[in-house]
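Worksheet: the structure to be examined is printed underneath.
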Amino acid sequence: MRAMRQAAVLGILLATSQPLRVGATPGGAPDLYVHPTLGSDSAPGTSSEPVRSPAAAVRLLPEVLMSSVTIHVAEGAYTATGIDDMPRGTLVLHRRMRPGVEVAFVGRDGSFRRPAAVGAVVFNWQGEPLVRMSEGRWRFERLQIGDGSARQRSGIEARDTGIARLKDIRIRTRSFSGAGIHAARGGRVELLGSIELNEHLHDTALDESFSGILATHYGSVAFRDDEGRLSVGNGQLSAAYYGIIELGCASAEITSWGEQSNVIAVNNSGRVDLHGTTTTLRAQREGNAVIGLEDDGHVLAEGARVIIRAPDLNGAVVLQKASTFFGGPIEIHGKPCRVSAMSGSVLLGSVKGDLEWASADTGAHVFLECQGSVREVREDCCGRVVVKTLGP
């Protein structure tokens, strides 16, 4: 009798329970549509009835995604994230997803190369960061994040188990030291195509127009496209606390206008891998080091072509406190510069161009092949410098 009663109860539960929905969206549709002027946030998000804001499209997603969804974003400026249960200044993205599933915000073909007035898709609400993801895989393609307004101090942040995949993306933010792209606490950012951060500022820049790439606390930022291109008009690559930045694209140009701001800055066990990339580094402020490493910071540049352009250098490469630089060649364009290693650091590579000096102290080592001249070698406190001159 007890077994019969249990079977009867189980039958009632099965009869009254709702089936598990496994579709990508409430209706199982793989596509949602957003339009900044023709949409309504109470609409179902179809091509004929789009929603008005990115947050409204996110609200239509189930809490657990079993298949991928593409959110088609119409051209225009989006001045707020949208609905009331989302911060107006930050698009918060947090969903559980099966392996291989992603949600993609995609602009129309060709929209990436257009200014906002003639067809670009621009997320230009005011907040910090403008987009944050902490769980799930989110792709952004053919979009502009920010328009450089005063309250847009950081762009895209991936943290915890969040993954951002960026392809053909322009970021316009402004700060003294903030990140246009930030991977933190295990978050991942993958880059493809053309990635631009304040790319219009290589030749001139105002104060507080900085937008860099930052990886901290086991976060990683990595190119997954060997034909990709990176352009940072006023910013830097910065990695710290086991954060990793990997290039491996065809070319990268990074310019820094900041006070006491290195173009590549690595510290506290961070790492930057240049992976064969033709990398142009421009320090526009007098006295700034181009590559500055300290506290177990590391740059791997084997097979990379590193071009240094600066008006007047105190140091092209400066290593402190058990840091390392391997690879090159480093090409010096302009006045002779300086390379130095201190406090147990190691610099091993090659230089094309003239050096004012190469120095090592406090147990540091510098090993260089130099196609050019070295005016002075400085060794102190068990430091060692070995230079093999290859001629002009």
field: Checking Gly243 against (1) small (Gly, Ala, Ser); (2) within 19 Å of Glu294 (Cβ to Cβ); (3) modelled with pLDDT under 95, the condition it does not meet
entry: (3)
message: Which count do you get for residues in the range 180-191 that are open to solvent by 20 Å² or more (accessible area, probe 1.4 Å) and in contact with a Leu (Cβ under 8 Å, 6 or more places away or on another chain)?
response: 1
task: For Ala265, indicate whether it is within 13 Å of Ile213 (Cα to Cα), assigned to a strand (DSSP E or B), of a type outside the set (Asp, Glu) and open to solvent by 10 Å² or more (accessible area, probe 1.4 Å).
output: yes
message: Any residue that is more than 17 Å from Phe210 (Cα to Cα) and open to solvent by 40 Å² or more (accessible area, probe 1.4 Å) - is there at least one of those in the range 142-152?
response: yes
message: Just to check your reading of the model, which residue among Glu331, Glu379, Glu356 is within 27 Å of the chain's Cα centre (by Cα) and among the acidic types (Asp, Glu)?
response: Glu331
task: Check the range 278-290 and report whether any residue there is touching a residue at least 60 places away in the same chain (Cβ under 8 Å) and more than 16 Å from Ala222 (Cα to Cα).
output: yes
message: Checking the conditions here, which among Ser194, Ser177 is over 24 Å from Glu63 (Cβ atoms), surrounded by fewer than 24 Cβ atoms within 10 Å (Cβ to Cβ) and at pLDDT 95 or above?
response: Ser194
statement: So, first residue within 11 Å of Lys352 (Cα to Cα) in the range 369-387, second residue acidic (Asp, Glu), Cβ within less than 7 Å, six or more apart or across chains; the pairs are Gly372/Asp354; Ser373/Asp354
- line: Over the range 321-342, the set of residues part of a loop (DSSP other than H, G, I, E, B) and either closer than 19 Å to Val385 by Cα or of a type in the set (S, T, N, Q) (or both) is Lys321, Ala322, Ser323, Pro336
field: Failed item in (1) surrounded by 20 or more Cβ atoms within 10 Å (Cβ to Cβ); (2) within 18 Å of Leu166 (Cβ to Cβ); (3) over 11 Å from the mean Cα position of the chain (by Cα), with Leu230 passing the rest
entry: (3)
- request: Answer with yes or no whether Gly276 is surrounded by fewer than 24 Cβ atoms within 10 Å (Cβ to Cβ), assigned to a loop (DSSP other than H, G, I, E, B) and at pLDDT below 95.
  value: yes
message: Being closer than 18 Å to Glu102 by Cα and under 11 Å from the mean Cα position of the chain (by Cα) is the requirement here; does Glu135 meet it?
response: no
query: How many residues does the range 20-31 contain that are modelled with pLDDT of 95 or more and either open to solvent by 60 Å² or more (accessible area, probe 1.4 Å) or within 19 Å of Asp84 (Cβ to Cβ) (or both)?
result: 0
message: Go through the range 365-392 and report how many residues are open to solvent by 50 Å² or more (accessible area, probe 1.4 Å) and either within 13 Å of Arg338 (Cβ to Cβ) or of a type in the set (Phe, Trp, Tyr) (or both).
response: 5
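The values are calculated or read from the model by the stated rules, or taken from the named source; none is laboratory data. None of these values were measured; they are calculated from a predicted model. Here the Cβ is made from the backbone with ideal geometry for all residues, glycine too, and neighbour counts use every protein chain on show. Heavy atoms of the whole protein, side chains included, go into the accessibility calculation; ligands, DNA and RNA do not. Shrake-Rupley method; radii C 1.70, N 1.55, O 1.52, S 1.80 Å.
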